[in-house]
Amino acid sequence: MSKTLRLLLGDQLNSNHSWFSTVDDSITYVMMEIRTETDYALHHVQKVVGIFAAMRAFATDLKIKGHQVIYLKINDEYNLQAFDKNIVKLLSEHNFSRFEYQWPDEYRVDRLLKNICKTIAVASTAIDSEHFFTTRNELADFFEGKKTYVMENFYRALRKKHRILMDGDQPITGKWNYDSDNRKKLPKEHKPAPPLQFNNELSLLYEEILKANCKTIGTIDASQFLWPINRQQSLALLDFFATHCLPLFGTYQDAMTPNEWSLYHSRLSFSLNIKLVSPHEVITRVVAEWNLRPAEIEFNQVEGFVRQVIGWREYMRGIYWNKMPNYATLNFFNHQEKLPSWFWTGKTKMSCLKDAINQSLQYAYAHHIQRLMITGNFALLAGVHPDDVDQWYLGIYIDAFEWVEITNTRGMSQFADGGIVGTKPYVSSAAYIDKMSHYCGSCYYKKNIKVGEKACPFTSLYWNFYDRNESKLAANPRIGMMYNVWRKMKPDDKTALLEQAQYYLNNINDL
Ligand SMILES: Cc1cc2nc3c(=O)[nH]c(=O)nc-3n(C[C@H](O)[C@H](O)[C@H](O)COP(=O)(O)OP(=O)(O)OC[C@H]3O[C@@H](n4cnc5c(N)ncnc54)[C@H](O)[C@@H]3O)c2cc1C
Ligand code: SF4
């Protein structure tokens, strides 16, 4: 009997994949916990534990369904700790005559697997992971010949193609985009629905990871691991979101407040990115909830969510496959600084950054506006090298995989791609942070003070950023207005702001 070895990666836990529709004794699945994957970034401990736990649960489920599975645990003595070494060994030891895999989401792994296929003696094939709405090249085909890649156009095309919230060729309400309704600050006394957390007992797995000496960041309560680790829990989280969070998702999508780590966000990115649920299932469930409760759930809540999942998520993936590997080298502003040391500890006097970083260390999660307008904004104003920024984001978040991390970090957040993903850099002074959050009131620094000991660092760094990048940004039509304000400022005020910024940059680890 000819035998086939099929590789399953840790982010390919799609139980609805066509591979599993039949049970075939000539096929063996291999899953491996390996050091090349634990060590390519300094990951949050919850990310390593969460992925391994989900992989183990998936392997057990496959076995229960009658599939043949080889599972290599992190401390197994016959585990050679790298894809190529393990695959070559298994192919020869078990006399497999074919090797198959699903297309990985990451360029690094894609290249590695293609290289393995060139060196092994047996035939090999790769197929789609059957997860996304779009193919790897769909975005490139869609924008062929265009100078700019406008997300909104791609999003509308996908809504039409997949008939999501549509009435024939038109959006169901006559309007495509409700973004302007989705920028409200949380009222002071408003208490969001407490997040659904799971109580997975993963202490033994955590001990194995400690024994393997994998270097990680962040904290964990492994006896009550809060993230979903299987399909059932992921569907429960989706249900929870649709029932309790969707009614206010859009309204407070950009809001931030201390000690509330997830507000009305779905926290589905981990389940989605390791493919425990599909974006199709997520969209279907959310739209069904809106159809069921149209009087309670305003349309802006649903449209805002759909845009994140079929707009931004698919768009970022398309940009990634279109622009890699060059994308990972882009540094439009030629930024060279290091990340401040407190990015790893949360020990800063700046309330907004303290909260965003501490919750990232505690939960391996921050929501989009914290990532973009607090940590990302600061790193960009401070001129941190995009490689450093990428490494931090790639490690710290439980949902961080390069295809969606690098496009968001290097592209949307750091503008290191010079405007492929975004039309202008996302930077702000204290004014925006105060408008969208409750951080400034309790901060050591004062949002309205521009220079002096208590001056909010965001404000002087903001003007410093525009000043030092004038040659690169002044012609941008979306920014010109800021340069008019800057030019009209009194010379003494400008000098004082630039000196203040320089002081902060020189003492960045003490902020
Ligand atoms: C600097 C930076 C780094 C980021 N790194 C990652 C990352 O490594 N992995 C990741 O999945 N997302 C990343 N994002 C996008 C976004 O912040 C997260 O997807 C979101 O915060 C996940 O939380 P949630 O599931 O509660 O999202 P919700 O707010 O509930 O949104 C629903 C879903 O929409 C999708 N989505 C929303 N925004 C985006 C976006 N900009 N790009 C792609 N998908 C999006 C996600 O799948 C998310 O689960 C990053 C954003 C920034 C600014
Ligand atoms: S005053 Fe400045 S540093 Fe403090 S919370 Fe507000 S924006 Fe952040």
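Numbers below:
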| read-out | value |
| --- | --- |
| Förster-model FRET efficiency, 56 Å R0, LYS85 and GLN224, C-beta, rounded to 0.05 | 0.95 |
| Unsatisfied cross-links (Cα-Cα over 25 Å) in the set LYS185/LYS424; LYS338/LYS472; LYS65/LYS161; LYS184/LYS488; LYS73/LYS215 | LYS65/LYS161; LYS184/LYS488 |
| Extension gain (nm, one decimal) between ARG98 and THR60, 0.36 nm per residue minus Cα-Cα | 11.3 nm |
| Furthest towards positive pole of dipole, GLY383, TRP344, LEU461, structure part the chain, Cβ charges | LEU461 |
| Given 16 as the ceiling on other Cβ atoms within 10 Å, longest exposed-site-free region of the chain for chymotrypsin sites (Phe, Trp or Tyr not before Pro) in DSSP loops | 199-425 |
| DSSP bridge orientation in the chain - percent antiparallel, rounded to nearest 5 | 10 |
| 10 Å binning of all Cα-Cα separations within segment 121-199, expressed as whole percents from 0 upward | 12, 25, 26, 23, 10, 3, 0 |
| Rg to Rh, two decimals, where the chain supplies the alpha carbon set and Rh follows Kirkwood | 0.98 |
| Charge dipole of the chain about the Cα centre (unit charges at C-beta), most positive-ward option of SER203, ILE283, ILE229 | ILE283 |
| Size of electric dipole in segment 359-511: Cβ of Lys, Arg +1 and of Asp, Glu -1, about Cα centre, debye, nearest 20 | 740 |
| Neighbour-count ranking [beta-carbon atoms within 10 angstrom, fewest first] of THR148, THR243, THR459 | THR148, THR243, THR459 |
| Helix-only [θ]222 nm of the chain, DSSP H runs n ≥ 4, -39500 (n - 2.57) each, per residue, nearest 500 | -11500 deg cm²/dmol |
| Unit charges on C-beta of K, R, D, E only; dipole of the chain, Debye | 1060 |
| Projected label distance in nm at MET489 and ILE70, using a 7 Å step from Cα toward the beta-carbon | 6.3 |
| Scattering curve values for segment 42-102, log₁₀ I(q)/I(0), Debye with Cα scatterers, q = 0.14, 0.21, 0.27 Å⁻¹ | -0.52, -1.08, -1.27 |
| Dipole of the chain, positive direction: furthest Cα of TYR78, THR119, PRO325, with charges on the beta-carbon | PRO325 |
| Relative contact order computed over segment 301-383 (Cα-Cα under 8 Å; 6+ residues apart), in percent | 21 |
| Nearest-ten-degree value, helix 314-323 long axis tilted from longest Cα axis of the chain | 90 |
| Length added when fully stretched, TYR40-ASN153, from 0.36 nm per residue minus Cα-Cα | 37.2 nm |
| Kirkwood Rh and Cα Rg combined as Rg/Rh, segment 409-511 | 0.97 |
| Sum of side-chain charges, LEU339 neighbourhood, beta-carbon under 13 Å (Lys, Arg +1; Asp, Glu -1) | -3 |
| Whole-angstrom gap from segment 374-392 to segment 168-247, using each part's C-alpha centre | 25 |
| About the Cα centre, charge dipole magnitude for segment 270-324 (Lys/Arg +1, Asp/Glu -1 at Cβ), debye | 340 |
| Likely footprinting exposure, MET489, MET350, fewest C-beta neighbours within 10 Å first | MET489, MET350 |
| Virtual spin-label span in nm between ASN334 and GLU201, 7 Å along Cα→Cβ | 5.9 |
| Separation of the ASP25 and LYS161 label points, Cα + 7 Å toward Cβ, nm | 4.3 |
| Spread of Cα-to-Cα distances over 5 Å intervals beginning at zero, given as percent, for segment 1-125 | 2, 10, 21, 25, 23, 14, 5, 1, 0 |
| Within-9-Å neighbourhood charge of GLN12 [Cβ basis; K, R +1; D, E -1] | -1 |
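Read the figures in this text as sums done on the coordinates, not as results from a lab. Just so we're clear, the structure is a prediction, and the values are computed from it rather than from any experiment. Quick reminder, even Gly has a Cβ in these numbers, built from the backbone with ideal geometry, and neighbours come from all protein chains shown.
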